[in-house]
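Trainee: Here's a structure for you.
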Amino acid sequence: HHIHRGVYMDSIWNNEIKPEFKSLHGDIKTDVLIIGGGMCGILCAHMLKSQNIDCVLVDADKICSGVTNGTTAKITVHHGLIYNKIIKDYGVEKAQMYYESQKIAFKKLSKLASSADADFELCDSYVYSLNNPSVIEKELEALNKIGCSAQFSINTELPFEISGSVMMNNQAKFHPLKFALKIAEKLNIYENTGVFDINNGTAVTKDGKITAKFIIVATHFPFINKYGGYFLKLYQHRSYVIALENAQTVNGIYVDEAMNGLSLRDYNNLLLLGGGSHRTGGRGGNWQELRTFAHKYYPNAKETGFWATQDCMTLDGIAYIGNYSKHTPSVYVATGFNKWGMTSSMVSAMILTDMI
């Protein structure tokens with residue numbers, strides 16, 4: 001019990017200086033209101049502003065204090081073994097479209113991030129399997145069909161044996177908060193301004209009303225239940241991260257193809273080990289599973305922080321981006337990023353700002 005356990009929920013990204021935005025008092029009007037100040041909302045606001053569209057972003061808490069703060073911040077088109085699944089469910093053409101959209105988002109996000117002083121680094125990305133090489137082979141075939149180059153690799157920097165991995169070059173990692181806060185500097189933002197209802201283009205906060213021609217709901221979970229039925233179409237998945245000092249770090253970004261497997265990346269001299277996951281409300285290995293793993297493979301490492309994050313998972317593995325519901329033509333939504341929020345946030349920003 002003398003081991004330093006870090007501080008719960010204090011992700012390593014959080015050590016950055018936080019900007020303070022004032023909260024909203026009174027009524028305002030804007031062309032576009034964005035609710036939710038995570039990566040997705042901030043990118044939406046950034047893109048609208050760059051086209052000179054008047055917009056306001058509000059967050060119920062501080063910007064980036066939710067999932068963006070808990071992310072492992074991998075920027076990649078490589079979303080687990082998604083492409084074989086999309087081909088099976090929807091055909092090659094749809095898989096191709098998904099890939100193209102992620103590729104454009106990757107380019108755009110990389111360009112922005114590399115000029116935002118956000119510790120942006122290119123690296124290889126691996127989706128590995130401990131004991132199922134055939135799912136890796138199938139994914140490679142799928143990638144081949146849609147013209148995406150990747151290769152089979154059994155050699156990784158991991159301290160344990162794998163049965164194979166899909167390896168993709170030139171993916172990336174960065175510091176999500178440094179990035180988001182840099183972009184947020186020029187935006188029109190109100191913090192501690194929760195919206196609790198939307199009626200005909202008016203968002204109601206505790207201290208006033210915001211009237212907008214268009215509203216984007218970019219909260220982690222779409223909170224307005226009277227439209228869209230998102231509580232039936234999404235479930236939450238919780239996962240855990242520990243930061244280790246003095247562990248063998250990795251240059252690449254790694255994720256296990258199994259839902260409850262591990263995720264690894266480094267930041268500075270720390271190894272970020274994610275996993276122990278389960279459906280929210282269920283049971284899982286939590287941090288204990290990660291600590292047991294660390295103890296076995298990195299006996300000299302010291303834990304310097306631990307936190308948890310929660311992801312919205314869709315039923316078919318593809319994010320929901322577009323109209324909130326058919327009854328609300330001027331309200332838009334982006335949710336269900338299935339743990340791949342970095343490129344998905346950019347795809348959402350591109351699609352929604354185009355629609356608007």
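Trainee: Run LEU264 past the list (1) touching a helix residue (DSSP H, G or I) at 6+ places or on another chain (Cβ under 8 Å); (2) touching a residue at least 60 places away in the same chain (Cβ under 8 Å); (3) closer than 30 Å to GLU157 by Cα; (4) surrounded by 23 or more Cβ atoms within 10 Å (Cβ to Cβ) and report the number of the one that doesn't hold.
Mentor: It fails just one condition, (1).
Trainee: Still on this structure: Among the candidates THR205, THR304, THR292, single out the residue that is more than 17 Å from the chain's Cα centre (by Cα), hydroxyl-bearing (Ser, Thr, Tyr) and either open to solvent by 50 Å² or more (accessible area, probe 1.4 Å) or closer than 27 Å to ASN170 by Cβ (or both). It would help to see each step written out before you state the result.
Mentor: Working: THR205 fails: either open to solvent by 50 Å² or more (accessible area, probe 1.4 Å) or closer than 27 Å to ASN170 by Cβ (or both); THR304 fails: either open to solvent by 50 Å² or more (accessible area, probe 1.4 Å) or closer than 27 Å to ASN170 by Cβ (or both).
Only one candidate qualifies: THR292.
Trainee: Just checking, how many residues over segment 113-122 are assigned to a helix (DSSP H, G or I) and crowded, with 18+ Cβ neighbours inside 10 Å? Break it down into steps so the answer makes sense when it comes.
Mentor: Going residue by residue through segment 113-122, those that are assigned to a helix (DSSP H, G or I) are 113-114.
Keeping just the survivors that are crowded, with 18+ Cβ neighbours inside 10 Å gives 113.
Here the count works out to 1.
Trainee: What pairs come up if the first residue lies in segment 237-248 and is in contact (Cβ under 8 Å) with a residue 60 or more places away in the chain and farther than 12 Å from GLY275 by Cβ, the second is in a loop (DSSP other than H, G, I, E, B) and among the small types (Gly, Ala, Ser), and their beta carbons are under 6 Å apart, counting only those six or more places apart or on different chains?
Mentor: These pairs meet every condition: LEU244/ALA301.
Trainee: Related question: Within segment 220-244, can you find the residues that are crowded, with 23+ Cβ neighbours inside 10 Å and part of a loop (DSSP other than H, G, I, E, B)?
Mentor: If the condition is that a residue be crowded, with 23+ Cβ neighbours inside 10 Å and part of a loop (DSSP other than H, G, I, E, B), then PRO222 is the only one that fits.
Trainee: State all residues of segment 41-81 that are open to solvent by 10 Å² or more (accessible area, probe 1.4 Å) and in a helix (DSSP H, G or I); if no residue qualifies, say none.
Mentor: Scanning segment 41-81 gives HIS46, MET47, LYS49, SER50, VAL67, THR68, ASN69.
Trainee: For segment 245-261: of the residues being assigned to a loop (DSSP other than H, G, I, E, B) and not polar (S, T, N, Q), which is surrounded by the fewest Cβ atoms within 10 Å (Cβ to Cβ)? If you could, list the steps in order and put the result at the bottom.
Mentor: Kept after step one, since they are assigned to a loop (DSSP other than H, G, I, E, B), are these residues of segment 245-261: 246-252, 257-261.
Cutting the leftovers down to not polar (S, T, N, Q) gives us 247, 250, 252, 257-259, 261.
Values: ALA247: 24, VAL250: 19, GLY252: 22, GLU257: 18, ALA258: 17, MET259: 13, GLY261: 18.
Of everything passing the filter in segment 245-261, MET259 is surrounded by the fewest Cβ atoms within 10 Å (Cβ to Cβ).
Trainee: Let me ask something else about it. Condition check: open to solvent by 60 Å² or more (accessible area, probe 1.4 Å), touching a residue at least 12 places away in the same chain (Cβ under 8 Å) and either of a type outside the set (Ser, Thr, Tyr) or under 24 Å from ASN131 (Cβ atoms) (or both). Does LYS339 satisfy that? Explain how you work it out, then say what you get.
Mentor: Working: open to solvent by 60 Å² or more (accessible area, probe 1.4 Å): yes; touching a residue at least 12 places away in the same chain (Cβ under 8 Å): yes; either of a type outside the set (Ser, Thr, Tyr) or under 24 Å from ASN131 (Cβ atoms) (or both): yes.
Taking the combined requirement at face value, the residue satisfies it.
Trainee: Moving on to the next point. Enumerate the strands (runs of 3 or more DSSP E) found wholly within segment 297-342, keeping only those where 1 or more residues are at pLDDT 90 or above, in contact with an Asp or Glu (Cβ under 6 Å, 6 or more places away or on another chain) and closer than 29 Å to LEU158 by Cβ. Full working, then the answer.
Mentor: Numbers: elements: 302-314, 320-323, 331-335.
Passing ranges, in order: 302-314.
Trainee: Mind counting the residues in segment 186-207 that are without any contact (Cβ under 8 Å) to a residue 60 or more places away in the chain, of a type in the set (A, V, I, L, M, F, W, C) and under 18 Å from LYS22 (Cα atoms)? If you could, list the steps in order and put the result at the bottom.
Mentor: To start, the set of residues in segment 186-207 that are without any contact (Cβ under 8 Å) to a residue 60 or more places away in the chain comprises 196-197, 199-200, 202, 204, 206.
Narrowing the set further to residues that are of a type in the set (A, V, I, L, M, F, W, C) leaves 196, 204.
The next check asks that each one be under 18 Å from LYS22 (Cα atoms); those that pass are 204.
Of the residues in that region, 1 qualify.
Trainee: Here's something else I'd like to know. Count, please, the residues in segment 52-76 that happen to be in contact with a helix residue (DSSP H, G or I) (Cβ under 7 Å, 6 or more places away or on another chain) and at pLDDT 95 or above.
Mentor: Total meeting the criteria: 2.
Trainee: Further, regarding this structure: Which of the residues that make up segment 171-191 are closer than 19 Å to CYS55 by Cβ and not basic (Lys, Arg)?
Mentor: Narrowing segment 171-191 to residues closer than 19 Å to CYS55 by Cβ: 180-191.
Matches in segment 171-191: ALA180, LEU181, ILE183, ALA184, GLU185, LEU187, ASN188, ILE189, TYR190, GLU191.
Trainee: Now a separate question. Hey, among GLU141, GLU137, GLU93, which residue is more than 26 Å from ARG238 (Cα to Cα) and without any contact (Cβ under 8 Å) to a residue 24 or more places away in the chain? Break it down into steps so the answer makes sense when it comes.
Mentor: Numbers: GLU141 fails: without any contact (Cβ under 8 Å) to a residue 24 or more places away in the chain; GLU137 fails: without any contact (Cβ under 8 Å) to a residue 24 or more places away in the chain.
Being more than 26 Å from ARG238 (Cα to Cα) and without any contact (Cβ under 8 Å) to a residue 24 or more places away in the chain holds for just one of GLU141, GLU137, GLU93, which is GLU93.
The values are calculated or read from the model by the stated rules, or taken from the named source; none is laboratory data. Keep in mind it's a predicted model, so treat the numbers as computed, not measured. Here Cβ is always computed from backbone atoms with ideal geometry, including for glycine, and neighbour counts include all displayed protein chains. Quick note on the areas: whole protein, heavy atoms, side chains included, nothing else; ligands and nucleic acids left out. Shrake-Rupley method; radii C 1.70, N 1.55, O 1.52, S 1.80 Å.
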